[in-house]
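The values are calculated or read from the model by the stated rules, or taken from the named source; none is laboratory data. All of these numbers come straight from a predicted model, not from anything done at the bench. Every residue, glycine among them, receives a Cβ derived from its backbone with ideal geometry; neighbour counts consider all protein chains shown. Note: accessible area is taken over every heavy atom of the protein model, side chains too, but ligands, DNA and RNA are not part of it. Shrake-Rupley method; radii C 1.70, N 1.55, O 1.52, S 1.80 Å.
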Amino acid sequence: HQWFGNLVTVKWWNDLWLNEGFASYVEYLGTDYVEPSWNVKDLTVLDDVYRVFSIDALASSHPLSSKEDDINTPAQINELFDAITYSKGAAVLRMLSNFLTEAIFVDGLNSYLTEFSYGNTVYDNLFDHLQKAAEGNITLPDTVHEIMSRWTLQMGFPVVTINTENGMVSQNHFLIDPNSTVTRPSNFSYVWFVPIRWMKESTVQPLTWLMKREDTIQNMSYTGNSWILANLHVVGYYRVNYDDRNWNNLVEQLKTNHEVIPIINRAQIIADCFNLARAQYRTTTAALNTTTYLHKERQYIPWQAALDNLAYIKIMFDRSEVYGSMQKYMLQQVSPLYDHFKVITGNWTTPPTGHMDQYNEIVAMSVACGYGHQDCQNKAQELFKQWMSNSSSNPIPLNLKTTVYCNAIALGGEEQWNFAWRMFKDATIATESDKLRHALACTKQPWLLNRYLEYTLNPDMIRKQDATSTISAIARNVIGQSLAWEFIRAKWSFIFEQYGGGSFSFSSLIASVTERFSTEFELNQLKQFQKDNEHVGFGSGTRALEQAMEKTRANIKWVAENKVSVNNWFINAVH
């Protein structure tokens, strides 16, 4: 911000992404410079690229750059501070730096910041300076301005489909809901100039560009049991689809030796495949096939990508018989990871040395405990019991607190709950009180959950600003979900009168209480709720209520299409 923002300031708010997206990208570079062993740059893919893909794949998304005349009021300016500005901004600048090379990128930035010091700019000025830096040093298929306009002036992103039988490569505007209609026009007809970094088996190939809707790239075809992997390290802002043969060969490669494929691309194979399934390019069972190798995976990023994508399947089925088979499968996949961390942490006493390993230790314990791993649950109860016997000395390792608190409370009863409540009330550190407040929502006892729901509307018990997120936490608990829904239906007018002004974020409340809805019966309850409370209103939750109905309809359809095949897949995948 000192350079991009203060020294050189954008002319108007419509180019805010340049300032914020730049900061969101460079923060990784700064951290990486100070702590290269942390590999923190890899996290961009999970925390920025995949985060914003979920929003940018909607027909209601918007481009990075707005027209100057469209941004006039404080409300319009505020709306720009969103994931598109920050995360898509970071992702496309990362892509730009990658195809220019970092040396040219830095060179162009240097001359841009020098020329415009203490002045104002529009985004074109940056592209012009990067263009000058590139000339004579690198061959591009078009100018930086022409290439980048397609990424900044049109919303969304493409899915690049590679047919390895004949080398046909094509692109389509990727929409997570294939039935949605795009009403926003684009001067480029939703075609992008796509830089493709790729490998054929373990050999990295030269950078290849896709400059039109479809093209034949002969090198991208092969015969026999080879495979192609495109968008190396996910430096490009797009998803990738292949013909079935290539998908199967990639899945086989993961099973025989996953380490031939770069870490980020192991995550990408999983994430792209699940999203292609949601968008009906592939089947859900084909996506599940990408997770079969996970029992051998010890790296954080692929595990986290898998869990983010399995989360939807879990909440659609954790109240049905599918959950039984899913639970057995997940335990089979995570047990080796749990055993691995149990050994390297000396039975959970010392945190692992690597930065990513510290993240993955948390994954190992939370997934194992969450799916009922006996040794994990015993460990959580044992650590919590030690704390209960001497409340002034907490023996639970810092990184494992969230998991241990939640599981010990879920497996315990009133005694554990009341102890955690006392610790919550006495906590002097905000993060500690937040961990406990969320963990209290993990109990499996309906009467404790109902009592906790009552506490949320009593400001002496739960602060007003924490009420919604506490109800949401209870709703995320499979036992608490229906209780929370009954609670907000019964108390809606009171909740609205007490919290309607603005302290209560109704949109996230409605989203979390209804996220499991997947039956006609639940859809009718939603409609009834809307009708019963028309006279009260829904405040900031008005749009969320419409979205909840839309999502419920989509869930009903998804469950009908996938329940049987997914259940059979899990049954057959357990050895």
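Observations, loosely collected:
- For region 77-87, the count of residues that are polar (S, T, N, Q) and surrounded by fewer than 20 Cβ atoms within 10 Å (Cβ to Cβ) is nonzero.
- Candidates 228, 217, filtered to the one that is at pLDDT 95 or above, under 22 Å from residue 297 (Cα atoms) and of a type in the set (A, V, I, L, M, F, W, C): 228
- Residue among 573, 554 that is closer than 24 Å to residue 58 by Cα and among the aliphatic types (A, V, I, L, M): 554
- No other residue among 264, 315, 270 is assigned to a helix (DSSP H, G or I) and in contact with a Lys or Arg (Cβ under 8 Å, 6 or more places away or on another chain) apart from 315.
- At least 1 residues being over 30 Å from residue 220 (Cα atoms) and open to solvent by 10 Å² or more (accessible area, probe 1.4 Å) is the threshold, and among the strands (runs of 3 or more DSSP E) wholly inside region 95-176 those reaching it are 119-121.
- Scan of region 362-391 for residues that are closer than 17 Å to residue 338 by Cα, open to solvent by 10 Å² or more (accessible area, probe 1.4 Å) and among the small types (Gly, Ala, Ser), ordered by number: 366, 370, 372
Condition check ((1) modelled with pLDDT of 95 or more; (2) surrounded by 17 or more Cβ atoms within 10 Å (Cβ to Cβ); (3) touching a Lys or Arg at 6+ places or on another chain (Cβ under 7 Å)) across all residues:
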{"position": "396", "(1), (2), (3)": "yes, yes, no"}
{"position": "404", "(1), (2), (3)": "yes, yes, no"}
{"position": "410", "(1), (2), (3)": "yes, yes, yes"}
{"position": "431", "(1), (2), (3)": "yes, no, no"}
{"position": "439", "(1), (2), (3)": "yes, yes, no"}
{"position": "444", "(1), (2), (3)": "yes, no, no"}
{"position": "452", "(1), (2), (3)": "yes, yes, no"}
{"position": "464", "(1), (2), (3)": "no, no, no"}
{"position": "484", "(1), (2), (3)": "yes, yes, no"}
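- Qualifying residue in region 333-346 (condition: in a loop (DSSP other than H, G, I, E, B), farther than 16 Å from residue 559 by Cα and either of a type outside the set (Gly, Ala, Ser) or in contact with a Phe, Trp or Tyr (Cβ under 8 Å, 6 or more places away or on another chain) (or both)): yes
- Restricting region 13-39 to residues that are closer than 24 Å to residue 354 by Cβ and among the hydrophobic types (A, V, I, L, M, F, W, C), the residue that is surrounded by the most Cβ atoms within 10 Å (Cβ to Cβ): 26
- Inclusion of residue 250 among residues that are crowded, with 19+ Cβ neighbours inside 10 Å, assigned to a helix (DSSP H, G or I), more than 22 Å from the chain's Cα centre (by Cα) and hydrophobic (A, V, I, L, M, F, W, C) is warranted.
- Complete set of residues in region 414-425 that are within 18 Å of residue 386 (Cβ to Cβ) and either in contact with a Ser or Thr (Cβ under 6 Å, 6 or more places away or on another chain) or surrounded by fewer than 21 Cβ atoms within 10 Å (Cβ to Cβ) (or both): 415, 417, 418, 419, 422, 423
- For region 337-360, a tally of residues being without any contact (Cβ under 8 Å) to a residue 60 or more places away in the chain, on the phi < 0 side of the Ramachandran plot and open to solvent by 40 Å² or more (accessible area, probe 1.4 Å) returns 12.
- Only one of the numbered conditions (1) surrounded by 12 or more Cβ atoms within 10 Å (Cβ to Cβ); (2) without any contact (Cβ under 8 Å) to a residue 60 or more places away in the chain is not met by residue 203, and that is (1).
- Considering region 295-326, and only residues there that are more than 23 Å from residue 264 (Cα to Cα) and more than 22 Å from the chain's Cα centre (by Cα), the residue that is surrounded by the fewest Cβ atoms within 10 Å (Cβ to Cβ) turns out to be 321.
- Residue 558 vs. criteria at pLDDT 90 or above, more than 27 Å from residue 284 (Cα to Cα) and either open to solvent by less than 30 Å² (accessible area, probe 1.4 Å) or of a type in the set (A, V, I, L, M) (or both): no
This table checks each residue for (1) part of a loop (DSSP other than H, G, I, E, B); (2) open to solvent by 10 Å² or more (accessible area, probe 1.4 Å); (3) among the basic types (Lys, Arg); (4) out of contact with any strand residue (DSSP E or B) (no Cβ under 9 Å at 6 or more places or on another chain).
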residue: 209; (1), (2), (3), (4): no, yes, no, no
residue: 212; (1), (2), (3), (4): yes, yes, yes, no
residue: 215; (1), (2), (3), (4): no, yes, no, no
residue: 223; (1), (2), (3), (4): yes, yes, no, yes
residue: 229; (1), (2), (3), (4): no, no, no, no
residue: 233; (1), (2), (3), (4): no, yes, no, yes
residue: 236; (1), (2), (3), (4): yes, no, no, no
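- In the condition set (1) part of a helix (DSSP H, G or I); (2) modelled with pLDDT under 95; (3) over 18 Å from the mean Cα position of the chain (by Cα), residue 72 is compliant with all but (1).
- Breaking point among (1) hydroxyl-bearing (Ser, Thr, Tyr); (2) within 16 Å of the chain's Cα centre (by Cα); (3) open to solvent by less than 20 Å² (accessible area, probe 1.4 Å), for residue 54: (3)
- Comparison of 9, 44 shows that the only residue that is over 20 Å from residue 240 (Cβ atoms) and either at pLDDT 95 or above or outside any helix (DSSP H, G or I) (or both) is 9.
- Annotation note: of 256, 285, 292, the sole residue that is more than 22 Å from residue 157 (Cα to Cα), of a type in the set (S, T, N, Q), touching a Leu at 6+ places or on another chain (Cβ under 9 Å) and open to solvent by 10 Å² or more (accessible area, probe 1.4 Å) is 292.
- Test: residue in region 517-535 that is within 26 Å of residue 287 (Cα to Cα), of a type outside the set (Asp, Glu) and open to solvent by less than 30 Å² (accessible area, probe 1.4 Å): yes
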